[in-house]
Amino acid sequence: MDYQIIDVGTHATPPATMWQERYPKELRDQAPRRAWLRYEDDGEYEVLVLDGIAHRARGGSMGVPFADYEDPDGWGRTYEDGLAGNRDPLARLDDMELDGVSAHVIVRNDFPHLWPKDRRVWWGMIRAYNDWLIDFCSVAPDRLLGVGELPCWDMDLMLDEVKKIKAGGLKAVQLPIAPGYVGDWSAPADRNYTDPWWEPLWNVLDDLHLPIVSHVEALAATPGMNGYLNGMASTVNMWTNKSVPSEMVSSLILCGAFERHPNLKLVLNETGAGWLAPLIAWAELCIDQSHREKVYSPLGLSRRPKEYINDHVIASFLWDTCAVKYRDDIGVDSLAWCSDYPENYGTFGKVKVQIDKDLAGTTDAERHTILAGNAVRTFGL
């Protein structure tokens, strides 16, 4: 296939009935359950009940302009409001044709995310979602590039799920951008990425040529400031979340994961990319000024930080005024573009206009590398 635009940051939300239909049988009585509840005097709303808590559908409003929301706070009435392409692969393909997009990299986004208290229940949700996504992407596997979730607190479960993800035709696995923080796009993880505990996963991902995808997260440093639905803190997170991935990138370089595993790739979803310029500059300076003999050389790393990043990492951006401006400092091989489809503030219906703004000043060769070439290389398309 001749890929022209690969959107590296999009979402899909399963219908509310999916959990009961696909949940592992032995845990089905604990699966999220669809129900209808009346809120004040505004009629009934579809909800998912988990651990006794009813969750209204915000993801159901995706694609609906803010001005057209029935609810002033942006909540949908059902999980099937908004763009049909959020849950229907054929409708999504129609939307992609409208915008001239060749392929979507897809991660789950049934916002607000469901966080079960029991990790076995969480594993059941992962298994059910991956099963649904495999069927979703099978409609056009060269264009719908699904990212499977992992139970990243249990290595045996995780390695088994990786094999199912690969066999099912999904194109990548998802890991939290900050292990230990359970956020909107993070399954529980108990160890940081420099811990040797992760090595069996790096081995199998390297062998199977499956990239890691990590979604931008709402992670402020101060306790109590996390998340997107916490008043002013949500804006603090929106302003600062683009720098969070630097820990993950630095960890995978310094622990030698990229040194030992040439096929291990990291795709950063909606993180922006401009922050890579100061990270690279500072990492290179640290090595040259003080850390080479004391820290860097004993690690057995044969290349410099920018080389590892350009060979192993791509970061996707939208509305990032720094990524293209500092592309020579970052390296064009580490840049990709995303639309955040089908989010309300995304670019559906005007992708080409937004791309022209975001990539202004690039050459034709740079443009193709950012829009398609890097993703083709990373996902083995």
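The values are calculated or read from the model by the stated rules, or taken from the named source; none is laboratory data. Quantities reported herein were computed from a predicted structural model and do not represent experimental measurements. Cβ atoms come from the backbone with ideal geometry, glycine included; neighbour counts cover every protein chain shown.
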Which count do you get for residues in the range 188-212 that are in a loop (DSSP other than H, G, I, E, B) and farther than 27 Å from Arg377 by Cα? 6
Name the residues in the range 113-133 that are surrounded by fewer than 18 Cβ atoms within 10 Å (Cβ to Cβ) and under 15 Å from the mean Cα position of the chain (by Cα), would you? His113
Show the residue pairs that are 6+ apart or on different chains and have beta-carbon atoms under 6 Å apart, the first residue being within the range 147-171 and in contact (Cβ under 8 Å) with a residue 24 or more places away in the chain and under 15 Å from Trp122 (Cα atoms), the second being surrounded by 16 or more Cβ atoms within 10 Å (Cβ to Cβ) and charged (D, E, K, R). Leu150/Glu161
Find the residue count for the range 15-56, including only residues that are crowded, with 21+ Cβ neighbours inside 10 Å and assigned to a loop (DSSP other than H, G, I, E, B). 4
So, Trp239, is that one touching a residue at least 24 places away in the same chain (Cβ under 8 Å), among the aromatic types (Phe, Trp, Tyr) and out of contact with any Leu (no Cβ under 9 Å at 6 or more places or on another chain) or not? no
Single condition Thr271 does not satisfy, out of (1) in contact (Cβ under 8 Å) with a residue 24 or more places away in the chain; (2) over 19 Å from the mean Cα position of the chain (by Cα): (2)
Hits in the range 173-193 (condition: touching a helix residue (DSSP H, G or I) at 6+ places or on another chain (Cβ under 7 Å) and either surrounded by 15 or more Cβ atoms within 10 Å (Cβ to Cβ) or under 24 Å from Glu270 (Cβ atoms) (or both)): Val173, Ile177, Ala178, Ala187, Pro188, Asn192, Tyr193
Out of Leu268, Leu264, Leu252, sole residue that is surrounded by 20 or more Cβ atoms within 10 Å (Cβ to Cβ) and assigned to a strand (DSSP E or B): Leu268
Pairs please, first residue from the range 83-104 and of a type in the set (S, T, N, Q), second anywhere and at pLDDT 95 or above, Cβ atoms under 6 Å, 6+ apart in sequence or on different chains. Ser102/Tyr3; Ser102/Gln4; Ser102/Ile5; Ser102/Ile6
For the range 296-308, which residues satisfy the criterion of being exposed (fewer than 13 other Cβ atoms within 10 Å of the Cβ) and free of Cβ contacts under 8 Å to residues at least 12 places away in the same chain? Ser297, Pro298
